[in-house]
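Enquirer: One structure is given below, represented as structure tokens, and several questions about it will come after.
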Amino acid sequence: MKKKKQSNLSVLMGYAKGHRFFTYAALVLSAVSGVISLFPFIFIWRIIKEAMEVAPNFGNATDMVKNGWLAVAFSLAYIVVYFGALICSHVAAFRVQRNIQGKVLDHISTLPIGEIGEFGSGRLRSIVLESSAATETYLAHQLPDMVQAIMTPLAMVVMLFVFDWRLGLVSLLPVALGIAAIFPMAGPRMKDDVKNYQDAIGEMNNEAVEYVRGIPVVKTFNQSVFSFKRFSAAIAKYGKYCVDYTRVCRKYMIMSITAINSVVCFLAAFALIIDGVGLTDGPFIINLLFYIVFTPIISTSFTKIIFMSENGILVNDALRRIDGVLSAEPLKEAKNPQKPDGYAVEFKDVSFRYKDGTTDAIDGVSFAVPENGLFALVGPSGGGKSTIASLLARFYDVKSGSVRIGGTDIRDMSVKELRDTVSYVFQDSRIFRGTIADNVRLADPKASDGEVTEALKKAQCSEIIDKFDDGINTVLGTKGTYLSGGEIQRIAIARCFLKDSKIVILDEATAYADPENEKLVQAAFAELAKGRTVIMIAHRLSTVRNADRILVVKEGRVVEEGSHETLAKKGGVYGKMWENYQKSVAWKVGR
């Protein structure tokens with residue numbers, strides 16, 4: 001049997017937990033306030049009615065002051081009750097937003113890093129912040145307004161027919177026309193429109209993040225935004241969608257708003273039509289004035305009702321995106337975790353294909369790396385080096401075959417055990433706003449200042465610390481100190497020393513280093529390799545010349561392996577790469 005889909009409110013109340021009572025209280029108070037909001041109009045009409053009945057002897061009016069104060073009292077009562085509804089709705093809404101963000105962030109922390117990369121940092125940021133904010137707006141404002149928008153017209157319809165059913169029907173006619181006019185825009189197609197709009201925003205956010213990361217390259221080569229075609233295309237797509245959708249909606253909105261705001265015109269026309277029948281006596285005129293005073297509420301209520309469906313679709317889309325993250329499979333924990341017997345690395349007939357790939361990125365790869373020492377992965381770009389490293393760190397799970405550490409399949413190790421065993425230094429390592437010590441302590445939050453200082457010293461960071469008055473307590477990042485690419489890499493290596501993992505993966509760790517920094521990074525590598533298995537990915541062959549073993553990866557396979565001297569003499573793939581590297585080093589700009 002197909003499982004019944006939960007309503008948006010039911011889903012949100014699941015996040016509210018013990019605070020759901022506040023939401024229900026908000027709905028009740030909002031409904032009551034909707035009814036109370038009508039009473040001031042009744043008392044204002046009673047003042048007008050009495051004034052017309054006693055005119056011109058206004059001294060005979062006995063209830064005008066009382067009705068005036070009652071109108072004020074009910075207005076204040078409406079404000080107090082509605083304010084109470086908003087207080088209750090906000091208490092629940094803030095808790096729901098916090099719980100959603102906490103649950104999504106907790107779930108993201110359990111996902112394979114490769115899965116997180118496929119979502120995209122911009123899209124995830126949008127989901128965590130904007131989609132959760134949409135649920136807060138819905139619960140805190142839109143839902144109470146929705147209840148009030150429904151309750152007010154229901155009570156209003158009763159009143160419209162109490163005084164004169166003919167005028168009541170005339171007052172509702174523009175409402176029917178307004179609904180008919182706006183239905184093509186706010187009907188079933190809105191669900192697809194909202195989805196397309198949110199998709200366009202998500203894509204633009206994602207490309208914006210990538211563009212910002214590439215600004216140094218844009219600045220260096222004096223390129224415009226159009227150097228990043230995907231970002232430019234995402235902006236253009238979003239802009240075109242908004243303009244096209246606005247143009248489509250324009251005529252429907254004009255017709256709907258015109259119709260709904262023409263209630264007085266309909267009433268006046270009706271009064272003129274029946275005037276010839278002789279029905280425009282005193283009581284009729286008084287009732288007509290009531291409708292003229294009262295019916296402006298219709299415009300306000302109808303506007304809220306128009307956007308009720310849109311609000312529901314927006315929060316439904318937000319929940320769909322949140323569920324998209326929560327439904328992603330977390331990294332599977334082993335049922336009976338095993339510990340590795342040593343730290344030798346072995347790939348056995350490993351194949352892997354990315355989610356949107358058409359061919360295997362790694363195809364039947366097998367190799368063994370003994371414990372301890374420095375080992376390198378080299379080869380043409382796109383050959384599969386980083387994929388192999390990602391599989392060893394279990395950023396993804398293999399499609400077939402197995403990756404083993406100390407004879408144990410990494411899928412049979414606990415996630416914590418694997419994380420403690422393997423450290424990864426990325427090509428573009430990042431620092432966070434905080435002190436140098438805070439950034440290093442990401443590897444071990446309980447580490448003392450002495451342990452942090454020792455790790456920085458081993459990573460050749462002493463001169464970084466010495467040049468700042470605050471030493472390891474120097475603040476980095478926003479409104480703080482900024483480091484060069486090579487200095488950031490050494491901070492990242494210091495994390496590895498502090499973590500003290502037995503296997504370290506270095507993915508193009510010297511890519512952004514200048515000659516001076518590269519020398520220091522290489523010295524840090526030499527220290528790091530002591531008593532550890534270090535696997536280095538490199539294009540700059542000078543950095544791997546002294547590796548104990550070099551694995552040459554091409555088109556998803558290990559095609560050669562051996563020492564630098566052996567592979568250079570062999571004249572194969574590595575031999576050609578080494579020959580080309582030497583030519584590039586020797587190349588000079590001619591006069």
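Enquirer: On a full-extension model of 0.36 nm per residue, what is the gain between Arg545 and Lys416, subtracting their alpha-carbon distance, rounded to one decimal in nm?
Expert: 43.1 nm
Enquirer: Which of rounded, prolate, oblate describes region 444-546, given a ≥ b ≥ c as roots of the alpha-carbon gyration tensor eigenvalues and a/c under 1.5 marking rounded, otherwise prolate only if a/b is larger than b/c?
Expert: Note, shape of region 444-546 comes out oblate.
Enquirer: Right, here's the next one. Averaged over all directions, how much area does the convex hull of the C-alpha atoms of region 345-585 cover when projected, in nm²?
Expert: 13.7
Enquirer: So the label point goes 7 Å from the Cα of Thr300 along Cα→C-beta, right? Which residues of region 128-166 then have their backbone N under 12 Å from it?
Expert: Label zone hits: 149, 152-153.
Enquirer: Can you bin region 1-112 into rounded, prolate or oblate? Criterion: square roots of the alpha carbon gyration tensor eigenvalues sorted a ≥ b ≥ c, rounded for a/c under 1.5, prolate for a/b above b/c, oblate for the rest.
Expert: prolate
Enquirer: Same structure, new question: What angle do you read, to the nearest 10 degrees and between 0 and 90, between the alpha-carbon axis of helix 143-163 and the longest principal axis of the chain?
Expert: For 143-163 against the chain, the angle is about 10 degrees.
Enquirer: Please work out the FRET efficiency for the pair Ser351 and Leu272, using the Cβ-Cβ distance as r and a Förster radius of 51 Å; give the result to the nearest 0.05.
Expert: 0.05
Enquirer: Need one number: nm distance between label points at Arg557 and Ala328, each 7 Å from Cα along Cα→Cβ, rounded to one decimal.
Expert: Result: 3.3 nm between the two label points.
Enquirer: Between Lys240 and Thr137, how high is the FRET efficiency from 1/(1 + (r/R0)^6) when r is the Cβ-Cβ distance and R₀ = 41 Å? Nearest 0.05.
Expert: The calculated FRET efficiency here is 0.95.
Enquirer: Taking the Cα atoms only, what angle lies between the long axis of helix 229-260 and the longest principal axis of the chain, rounded to 10 degrees?
Expert: 10
Enquirer: What is the spin-label model distance, in nm, from Ser366 to Val35 if the labels are put 7 Å beyond Cα along the C-beta direction?
Expert: Each label point lies 7 Å from its Cα, and together they span 7.9 nm.
Enquirer: To the nearest 0.05, what FRET efficiency results for Ala73 and Gln6 with a Förster distance of 41 Å applied to their C-beta separation?
Expert: So, using R0 = 41 Å, E works out to roughly 0.50.
Enquirer: Obtain the nm distance between the two label points defined at Arg166 and Val264 by a simple spin-label model: each point lies 7 Å from its Cα along the Cα-to-C-beta direction.
Expert: 2.2
Enquirer: Report D for the chain in µm² per second (integer): Stokes-Einstein, Kirkwood Rh on Cα pairs, 4 °C, 1.567 mPa s.
Expert: After rounding, the answer is 43 µm²/s.
Enquirer: Also: Helix 189-213 versus the longest principal axis of the chain: what is the Cα-based angle in degrees, 0 to 90, to the nearest 10?
Expert: 40
Read-outs throughout are calculated quantities, based only on the coordinates presented, and are distinct from any laboratory measurement. No experiment lies behind these values; they were computed from the predicted model shown. Positions of Cβ are backbone-derived with ideal geometry, glycine not excepted, and every protein chain shown enters the neighbour counts.
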